[in-house]
Amino acid sequence: MTTGKRALIVDDSRSARVILSRMLEQHGLAVDTAESAEQALEYLRQNRPDVIFMDHLMPGMDGFQAVQAIKGDPNTATIPLMMYTSQEGELYVSQARALGAVGVLPKTVRPVDVSRVLYQLHLLPDRRQQRSPLFDAAAAAAQAAAGDGEAAAPAGATPAGEVGASAQLSLSVPAAALSELQGGLRTSLQQVLKDQLAEQRRFTLATFEAFARRMSGEIKEGVAKAPVPTPAEPVPPEPAPTPWWPIALTGLLAAVPAAVLGFLLWQATERNAGLASELAQARAEAAAAAAAAEAEREAAAAAAMAAPAETVPAPEAASPASQTVVEFVPYGEVPLAGARLDRLRELASTLEGQGFKGRIVAETFIGDFCLSGSVGEGFQPAEAALPTKRCDLVGNPFEDGLSPAQRQSVAFANFAAILRQRTGGAIDIETANAGRRSPVTYPEQGESSTAGEWNAVAAKNNRVEFRLVPAE
């Protein structure tokens with residue numbers, strides 16, 4: 001049987017909505033549900049339920065925000081609203097009531113809680129005020145009988161005694177009807193008693209649960225405030241007397257390994273002293289060899305640098321094209337800069353004095369050096385005594401990484417422009433990269449050749465040749 005009342009459940013959990021809906025439907029309430037607070041507010045624009053059950057924690061707008069929105073709207077402010085949540089504590093209940101909720105139910109709501117809330121909100125009739133249909137039927141029959149008696153009295157002049165006798169006869173009921181009346185009365189009384197006992201049981205359970213929750217909260221609060229008892233310090237047992245022989249045995253066992261270790265340490269010390277002496281001698285020999293190799297490398301470099309310009313004898317005026325000037329480039333220097341630029345200035349001055357007309361071709365050659373280092377830290381020529389087989393790199397990464405514009409300095413480019421302007425274009429300077437065309441052959445790379453020997457050849461191959469090309 002329905003009560004004509006309607007409830008709205010707002011919860012993002014489908015199982016919670018289904019359980020609470022069944023409990024409310026058992027009491028005859030029509031139930032509508034919403035999965036979110038936003039959906040509930042949209043529902044309330046078109047409908048007006050008699051009670052709202054609102055979950056606290058929901059995605060998007062939570063329960064507290066939804067309560068504020070509902071109570072802030074005059075059209076929905078008077079609708080009773082119950083919060084239910086898994087939160088505990090008086091602070092949460094106070095917040096919910098302050099926002100306008102009439103009460104708070106636990107998340108695991110029970111039928112007795114739902115019944116108690118519906119009775120408190122007067123959404124269910126009080127069973128104690130309901131009357132049995134049987135009593136209503138008996139009362140109607142008695143009134144009908146009384147009416148019939150009053151209607152028949154004026155028809156004749158009957159003495160008062162006869163009236164009383166006739167009234168008794170008119171109220172007499174057959175035995176079958178009386179038995180049925182007694183059975184109906186007994187059934188009605190049993191139902192009333194059963195309903196009263198169920199109501200009393202629900203009221204008692206609700207009272208005990210409230211008392212238990214209050215006692216549990218007080219006990220938890222008392223336990224939290226109770227001082228932590230100081231643990232008693234254990235009384236150390238009296239030490240047992242130690243016999244002397246384990247100490248002596250332990251000392252003996254410790255003395256034997258100590259003697260063995262001492263002897264081994266002495267042997268290791270002697271061996272290390274001999275190895276240190278041999279190492280010092282080897283280092284001295286290596287230093288002497290390195291010094292000799294360094295002297296040899298310096299002598300080779302001095303010999304290479306002593307003839308920085310290999311110049312073919314100065315040409316006669318008739319054939320200036322036969323002259324070629326060679327300048328060596330140390331590793332890591334820009335080819336067309338520094339000493340090469342100074343040499344070019346001397347050559348240009350001489351040619352200008354001779355009235356030369358034509359081009360000076362500055363051709364750069366690359367030599368591959370024996371290098372030590374890495375890509376991150378950079379490379380530099382290896383030590384002279386290092387075998388070429390142990391070079392970290394054989395090449396010329398410095399010049400390989402230069403662009404054509406980076407192979408000449410700004411001073412070189414300016415001098416070429418000034419010379420062209422000063423001679424009216426009679427003498428022009430051109431640059432070219434000849435790559436690794438090496439007139440000097442490198443030694444064989446292995447244990448027998450050293451970095452000093454290799455780099456002496458590389459220094460001759462890493463050069464700039466100034467070649468004269470007369471105008472036609």
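The values are calculated or read from the model by the stated rules, or taken from the named source; none is laboratory data. Quick caveat: nothing in here was measured; it's all calculated off a predicted structure. Note: areas computed on protein heavy atoms with side chains; ligands, DNA, RNA excluded. Shrake-Rupley method; radii C 1.70, N 1.55, O 1.52, S 1.80 Å.
Structural remarks
- Probe 1.4 Å, protein heavy atoms only - accessible area per residue of the range 341-399 in square angstrom: 48 Å²
- Percent carbon-and-sulfur accessible area, the range 72-115, ignoring ligands, DNA and RNA, probe 1.4 Å: 56 percent
- Those lysines that a straight Cα-Cα span of less than 22 Å connects to LYS460, excepting residues fewer than 8 apart in one chain: LYS389
- Using heavy atoms of the protein chains and a probe of 1.4 Å, the accessible area assigned to ASP113 is about 0 Å².
- For the range 407-472: accessible area per residue (Å², 1.4 Å): 53 Å²
- Annotation: lysines with alpha-carbon distance below 22 angstrom to LYS220 (same-chain offsets under eight excluded): LYS107.
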